Structures are given as structure tokens and as C-alpha cells.
């Protein structure tokens, strides 16, 4: 993580697929058929069945988000995400259940959260406008340069805009 705010998907232990096409592009093989009687599952654990393990045996993931039926992260009263453990059979952990794009969110019975790594010492949860959960790097400060495509000219233009807007604000404040 090298930005002040990062997507929670950066914490996921496994590749997460938005669509069946994303899965097929990653795997190079067809996506397993979608089963609408099961929860949507957009990730798979590539080692869940390694070593000839019985697919009916369980596997425990120590950290996942608690999700609403539509997949949004549930938040506590102090705007921290609820986290939990996840217990699945190895067979379920090893496969995806991704709906085709023609399936509406009303037809989905729920979403299996993706296991994730714990936050590092320099990270904390941050909930932005709209309830979007992100990971904030606590070591980032305004003096830390961002990895962007801005040139020195771009930065000068932005600085000029800030100065211009400050002058307008001061003028309006004086002439109320």
C-alpha cells in the first residue's frame, strides 16, 4: 500500500472477480455455472483442495467482513466495519459462484465475504462519504509525495487555483 487511502480489496487474501469474464480472463478456462440457490462467491482459495483433501472437510478463515445481503460492509455505531471469521467446506472454498451480468441484485440471496489479512500497525479503517470502507495509511502525511502523473506545471496550476479561490473567499467575506 503506497497511497494515503486504499481499497479494502488490497487486504483480500485471494483474487476477487467482479464478473464471470474476469474469472475466465484470469483462469483461462470457463467459469463454473452460477447456482442461484447458493450465495454469490467472487473468490476462490487455490490451495483449499491441495494434497487430495476431502472437499467436505472444513476450512476456517480468521478474518472477513460481515456483509449485508447486497454485499455492503456492515458498520458499527462508531463507523468501524464488523469483522468475523468464516467457516466453509473446502469444496466451497475452492470454487466461485459468480452470477452472469444479467442477474439483478434483487435475485441474489447473499454474498460470501473474501478472507483478508489483518491490518498492519500503520493501517486503520476509514469510512468515507457514502459509507465506503477504505484502509488509511497512518504514516502518510500531506508532505508525503503521492505517486501520481502530476508534473511541476500541474502542481503550479493547482496552487494558482487555490490562491485565486482564497482571494475570492476573502473578498466575499469582507463584502457581506
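Miscellaneous remarks
- Scanning region 104-135 for residues that are over 28 Å from residue 56 (Cβ atoms) and assigned to a loop (DSSP other than H, G, I, E, B) turns up 104, 118, 119, 120, 121, 122.
- Residue within region 58-73 that is over 23 Å from residue 9 (Cα atoms) and in the same structural domain as residue 126 (by TED's automatic domain parsing) present: yes
- Selection of region 2-33 for residues being in a loop (DSSP other than H, G, I, E, B) and either free of Cβ contacts under 8 Å to residues at least 40 places away in the same chain or surrounded by 16 or more Cβ atoms within 10 Å (Cβ to Cβ) (or both) yields 3, 4, 14, 15, 17, 18, 28, 29, 30, 31, 33.
- Restricting 73, 98 to residues that are under 17 Å from the mean Cα position of the chain (by Cα), surrounded by 14 or more Cβ atoms within 10 Å (Cβ to Cβ) and over 15 Å from residue 39 (Cβ atoms) narrows the list to 73.
- Of all residues in region 62-103, those satisfying the criterion of being touching a helix residue (DSSP H, G or I) at 6+ places or on another chain (Cβ under 7 Å) and either touching a residue at least 60 places away in the same chain (Cβ under 8 Å) or in a strand (DSSP E or B) (or both) are 75, 96, 98, 100.
The values are calculated or read from the model by the stated rules, or taken from the named source; none is laboratory data. Remember, predicted model here, so these are calculated numbers, not experimental data. Don't worry about glycine lacking a Cβ; one is built from the backbone with ideal geometry, like all the others, and counts go over all protein chains shown.
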